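Enquirer: Sharing a structure here in structure tokens format.
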Amino acid sequence: MIPGKLAVWLVRNFDICSCSLPLTNGRLRVTEHDVYMTLALTKGPLEVAEAKSEMNCSRWGRRIKRNFIVFAVSTCINGNQRGEVNYLVLDTLLDLSKVRELNWARYTMAVLFSSVDEWKKKTSRFFRGPILFLMLCYLDWVVFKVRNVKHQFPTLRGWTNNKMKSKKK
């Protein structure tokens, strides 16, 4: 479970123009490289494209790899308030041999920008964006008096729910 107060603080204070979060002495700039270091999502040369609308996806049901990627996108990167699967990236997954060549880091950053902007405009109280990434990136780069989390790659490996809760603002 993601600590709610920290999540709200991060989304409220994320500046989409400078792509950064405020720190006591400056700002923490968030980049595609941070997505890679935090979640180990690739920065390949191919763009992740979203469809204009959801399509009939029944023909994809037997593909476990596609299903897992769609699940990961729906839960960790680009969710929705209804808790439904996000099929918009399915066209990008037609050729599974190119999944590692996709720039998932850039896609995550694009979703972060649009979801923060949408949330700040109060079109929804629900934040659909990659809050886990934003939280782990922030927690990992901010210097704490006592660092009880080993710095490792990807960052996701070192942070447990209890460690995140102990670092709340």
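Enquirer: Give the range 17-35 a look and list any residue that's more than 17 Å from MET135 (Cβ to Cβ) and assigned to a loop (DSSP other than H, G, I, E, B), or say none.
Expert: Of everything in the range 17-35, those that are more than 17 Å from MET135 (Cβ to Cβ) and assigned to a loop (DSSP other than H, G, I, E, B) turn out to be CYS17, SER18, THR24, ASN25.
Enquirer: Would you say LEU136 is within 19 Å of PHE14 (Cβ to Cβ) and crowded, with 22+ Cβ neighbours inside 10 Å?
Expert: Yes, satisfied.
Enquirer: Let me ask something else. Just the residues that are modelled with pLDDT of 80 or more and either touching a Lys or Arg at 6+ places or on another chain (Cβ under 8 Å) or not in a helix (DSSP H, G or I) (or both), please, taken from the range 36-74.
Expert: TYR36, ALA40, LEU41, THR42, LYS43, GLY44, PRO45, LEU46, GLU47, VAL48, ALA49 - these are the residues of the range 36-74 that are modelled with pLDDT of 80 or more and either touching a Lys or Arg at 6+ places or on another chain (Cβ under 8 Å) or not in a helix (DSSP H, G or I) (or both).
Enquirer: Another question about this same structure. Give me a count of the residues in the range 104-132 that are at positive phi and crowded, with 18+ Cβ neighbours inside 10 Å.
Expert: Count: 0.
Enquirer: Return yes or no: is VAL73 within 26 Å of ARG29 (Cβ to Cβ), without any contact (Cβ under 8 Å) to a residue 24 or more places away in the chain and surrounded by 18 or more Cβ atoms within 10 Å (Cβ to Cβ)?
Expert: yes
Enquirer: Give me the residue from the range 112-133 that is within 17 Å of SER20 (Cα to Cα) and outside any helix (DSSP H, G or I) and, out of that set, farthest from the chain's Cα centre (by Cα).
Expert: Among them, the one singled out is GLY129.
The values are calculated or read from the model by the stated rules, or taken from the named source; none is laboratory data. In this text the structure is predicted, and so the values were computed from the model without any measurement. Counting neighbours? That spans all protein chains shown, and the Cβs are built from the backbone with ideal geometry, glycine included.
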